[in-house]
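A.B. asks: Encoded as structure tokens, here's the structure I'll be asking about.
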Amino acid sequence: MSAQSPTPAGGPVVEGPFDPEHDPTAAYALEPEYADALTRRLVATSGRSVQVRSPLNDAPLGHVPQSTVADVATAFERARRAQVAWGRTPLAERSAILLRLHDLVLDHQDEIIDLIVWESGKARKHAFDEPLHVALTARYYARTAKRHLGTERKLGVVPGLTRVEVNHNPVGVVGIISPWNYPFNLALIDGIAALMAGNGVVAKPDSQTMLSALLGARLLEQAGLPRDLWQVVAGPGAEIGGAIVERADYVCFTGSTATGRAIAKGCADRLIGCSLELGGKNPLLVLRDADLEKAAEGAVRASFSNAGQLCVSMERIFVADQLYDRFVDRFVARTQALTLGATLDWGNDMGPLISQAQLDTVTAHVDDAVAKGARVLVGGRARPDLGPYFFEPTILEGVSPDMTCFGKETFGPVVSLYRFHDEADAVARANAGEYGLNASVYSQDGARARTIARHLRCGTVNVNEAFAATFASIDAPMGGMRESGAGRRQGAMGVRRFTETQAVATQRLIRFAPQYGMSDQMYARVMNANLRLMKKVGRA
């Protein structure tokens, strides 16, 4: 594995060496004025701030003011006032704003990517995925608004005499609690759908990557969104997360299963909806007829994109006996060829982890596995020579149930290999455990792979692809089964979750009671005859 050292490249960065002795602003990777302009969007009056530092090289990025519970209440009040008018805004006008956002995101993608890399440390090619996915989401919901949100006609009980319409009305204000691993993308994509449905938004991005989310809020305003409609607060979830759940009309959360469970309980107490994308221990199956080169290439992306800090990344790979050794040779060789780098430039294959806490978790999982007999085929160690939180992409063999990384999510660049002889056994092992977020199947027989996919208890399954086929197909729903979550983002489900469904029926000429002198008994006979007739003519 080769490496590159930190160098700024383009975007809102300070050029030249960090030398605070001669330039008080030089210690910051970003221009202080740039970071301050973004953080002024926060509803935060506590007087406290938190310094944010880059995982690339530990350079400070700026100070983020912290919000109080009272600030959360203020944010919801502002969003609610703005939502009243927004909820009456025609779908065509909302769509136009999202289409402008699409263009703005593409026009500003260098700035967006630079900021994502500084805040998260991920390789530039993985940061590129974020504005790409936001643009796809904005365009999709803009172009499908009428299909998903327009008033629908439904079958009435009496043909020609009962007119039924279904409306999709906004729930009100949506609370969004987003994570650090995709700080621009996950801060926006749920909110884009909520906006399209006519709602306001109060967002609480993760404190480690607040600036990327605030840049997204700035672009929404530039696209024409009323400013008060999208509010942003900052602070630890333990301090202000509960206040969001107490005030929102719907909650979106992406993060750990433990926190998701607590949020679900809070929403249940208030009888409001929530969608939760939670943890995963995702399996990849390489069947006996798989194309080895494609499978090995896909396995590298599946396991090490964003240093494995991806909810849908793979941590378990099951390989058919017939090609196990040949697959391992190719997978190890491709992993050894990866370039690790702490720069903003294109060309890095993997960046560092986000924090010391994440590095400690990954190190502990690998050390535990090795101490209990697992074999390291490649990687297996931290690389402080490259940056504070680097850990080599790691492939383990011989992982057993007594090892922590066997069933617990690592959320880092660590993957375990397993042989299988019988495909039914591979499916059973892939389904073992509590999670069910994403899976992948490699086979040259697409029909057989899709059949196997139906038996995998995961919300998304990719055939001959790591994760991007489902993730980027916005018309298809995405979410987890079992302890990997509840609800779905993307597609019709992804926008209608933010609505209250209302049925309106208009009745003509007859009433649902005896008339024209009928007795109750005669009315019952007429209705029974009508039921039999409707069945005979094929009516639902």
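Derivation of every value follows stated rules applied to the coordinates shown; laboratory data play no part. Everything quoted here is computed from the prediction, not taken from an experiment. Note that we place each Cβ from the backbone using ideal geometry, even for glycine, and neighbour counts take in every protein chain shown.
A.B. asks: Cα centroids of the stretch 199-237 and the stretch 83-143: how far apart, whole angstrom?
C.D. replies: Cα centres, the stretch 199-237 to the stretch 83-143: 12 Å.
A.B. asks: Which FRET efficiency, nearest 0.05, do A469 and K408 yield, Cβ-Cβ r, R0 22 Å?
C.D. replies: For R0 = 22 Å, the calculated efficiency reads 0.25.
A.B. asks: Right, here's the next one. May I ask you to compute the full-extension gain from R88 to K146, defined as 0.36 nm times their residue separation minus their alpha-carbon distance, rounded to one decimal in nm?
C.D. replies: Gain on stretching R88 to K146: 19.4 nm.
A.B. asks: Roughly what would the spin-label model give for Q507 and V537, points 7 Å off Cα along C-beta, in nm?
C.D. replies: It works out to 2.0 nm between the two label points.
A.B. asks: Charges only on Cβ, +1 for Lys and Arg, -1 for Asp and Glu: so what's the dipole of the stretch 295-337 about the Cα centre, in debye to the nearest 20?
C.D. replies: Numbers: 5 positive and 5 negative charges, 25 e Å.
Around 120 debye, computed over the stretch 295-337.
A.B. asks: Could you give the spread of the C-alpha atoms of the stretch 293-357 along their three principal axes, from largest to smallest, in whole angstroms?
C.D. replies: Principal extents (Cα only, largest first): 41, 23, 17 Å.
A.B. asks: Return the Cα extents of the stretch 182-263 along principal axes one, two and three, sorted largest first, each rounded to a whole Å.
C.D. replies: 37, 26, 18
A.B. asks: Just to confirm my understanding: which cysteines in the chain have no other cysteine beta carbon less than 4.7 Å from their beta carbon?
C.D. replies: Those would be C252, C311, C405, C458, since no other cysteine Cβ in the chain comes under 4.7 Å of theirs.
A.B. asks: Averaged over every viewing direction, what's the projected area of the C-alpha convex hull for the stretch 16-153? Give it in nm², one decimal, please.
C.D. replies: 11.4 nm²
A.B. asks: Could you tell me what a quarter of the Cα convex hull surface of the stretch 38-86 works out to, in nm² with one decimal place? The partial results should precede the final answer.
C.D. replies: Details: hull surface 18.1 nm².
Averaged projected area of the stretch 38-86's Cα convex hull equals 4.5 nm².
A.B. asks: Using a simple spin-label model with points 7 Å from Cα along the Cα→Cβ vector, what separation in nm is obtained for D269 and E246?
C.D. replies: For the pair D269/E246, the computed spacing is 0.9 nm.
A.B. asks: Using every alpha carbon pair in the stretch 454-540, what percent of pairs falls into each 5 Å bin from 0 up to the bin containing the largest distance?
C.D. replies: All Cα pairs considered, the percentages come to 3, 10, 12, 13, 10, 6, 6, 9, 10, 9, 7, 4, 1, 0.
A.B. asks: Okay, moving on. Of G480, N462, M534, which is farthest along the charge dipole of the stretch 423-540 in the positive direction, counting Lys and Arg as +1 and Asp and Glu as -1 at C-beta?
C.D. replies: Among G480, N462, M534, the one farthest towards the positive end of the dipole of the stretch 423-540 is M534.
A.B. asks: Taking every pair of alpha-carbon atoms in the chain, what share in percent sits in each 20 Å bin, from 0 to the bin with the longest distance?
C.D. replies: Reading the bins upward from 0: 21, 49, 24, 6, 1.
A.B. asks: If you don't mind, there's one more thing I want to ask. Across the stretch 208-326, how large is the tail of the calculated P(r) beyond 17 Å, expressed as a percent of all Cα pairs?
C.D. replies: 70 percent
A.B. asks: Which semi-axes, in whole Å and largest first, does the equivalent ellipsoid of the stretch 220-269 have when worked out from the alpha carbon gyration tensor as the square roots of 5 times its eigenvalues?
C.D. replies: Square roots of five times the eigenvalues give 25, 12, 11 Å.
A.B. asks: If you look at just the Cα atoms of the stretch 389-540, how large are its Rg and its Dmax in Å?
C.D. replies: Rg and Dmax of the stretch 389-540, Cα atoms, are 26.3, 85 Å.
A.B. asks: Towards the positive end of the charge dipole of the chain, with charges on Cβ (+1 Lys, Arg; -1 Asp, Glu), say which of L310, A82, A234 has the farthest Cα.
C.D. replies: The Cα lying farthest towards the positive end belongs to A82.
A.B. asks: Which log10 I(q)/I(0) values does the stretch 347-401 give at q = 0.18, 0.30 Å⁻¹ under the Debye formula, counting every alpha carbon as one identical point scatterer?
C.D. replies: For the requested q values the scattering log ratios are -0.60, -1.20.
A.B. asks: Greater than 24 Å separation of Cα atoms is the criterion. Which listed pairs, K372/K408; K125/K204; K146/K265; K204/K265; K146/K535; K154/K535, meet it?
C.D. replies: Check vs 24 Å cut-off fails for K125/K204; K146/K265; K146/K535.
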